[in-house]
1. How far, in nm, would the chain grow between H57 and A27 when pulled straight, counting 0.36 nm per residue and subtracting the alpha carbon separation?
2. Working from Cα positions, state the angle (0 to 90°, nearest 10) between the long axis of helix 57-68 and the longest principal axis of the chain.
3. Could you check the simple spin-label distance between S2 and K68, using points 7 Å along Cα→Cβ, in nm with one decimal?
4. Share of Cα-Cα pairs in the range 3-68 beyond 21 Å, in percent?
5. Between the range 4-51 and the range 55-70, how far is it from one alpha carbon centroid to the other, in angstrom?
6. Can you tally the net charge around T14? Count Lys and Arg as +1, Asp and Glu as -1, for every other residue whose Cβ sits under 10 Å from the Cβ of T14.
7. Dipole magnitude of the chain about its Cα centre, charges +1 at Lys/Arg Cβ and -1 at Asp/Glu Cβ only, in debye to the nearest 20?
8. Taking the Cβ of L55 as the center, what net charge do the other residues with Cβ under 12 Å away carry, scoring Lys and Arg +1 and Asp and Glu -1?
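Please treat every number below as a calculation from the coordinates, not as lab data. Just so you know, these numbers come straight off a predicted model, no measurement behind them. Cβ coordinates were reconstructed from backbone atoms using ideal geometry, including for glycine residues, and neighbour counts include every protein chain displayed.
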Amino acid sequence: MSFQAYLENIKAKTGLVPEVFVIRAEAKGFMINGELNPNITAAEITNWLKEKYELGHGHAMAMYAYFKGKRD
């Protein structure tokens, strides 16, 4: 599955676009000014996405990659 397909599936499942996840991650302190908080682990972020949004591991990792700056 392509990275874009992961993002499209996340939107279909949650109704949220990646930019909304960035805003919510910043509100949680996982990101600061659009950058990942260095004191937060990937596991903390993916666990949040799995618990709050019921994403699978691959989809949570795709969002984590988006947070890191991947766009294609």
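1. Full-extension gain reported as 8.6 nm.
2. 50
3. Once both label points are built, they end up 2.1 nm from each other.
4. Working: 276 of 2145 pairs.
Every Cα pair in the range 3-68 considered, those over 21 Å come to 13 percent.
5. Going from one Cα centre to the other spans 7 Å.
6. Local net charge: +2.
7. Here the size comes out at about 60 debye.
8. +2
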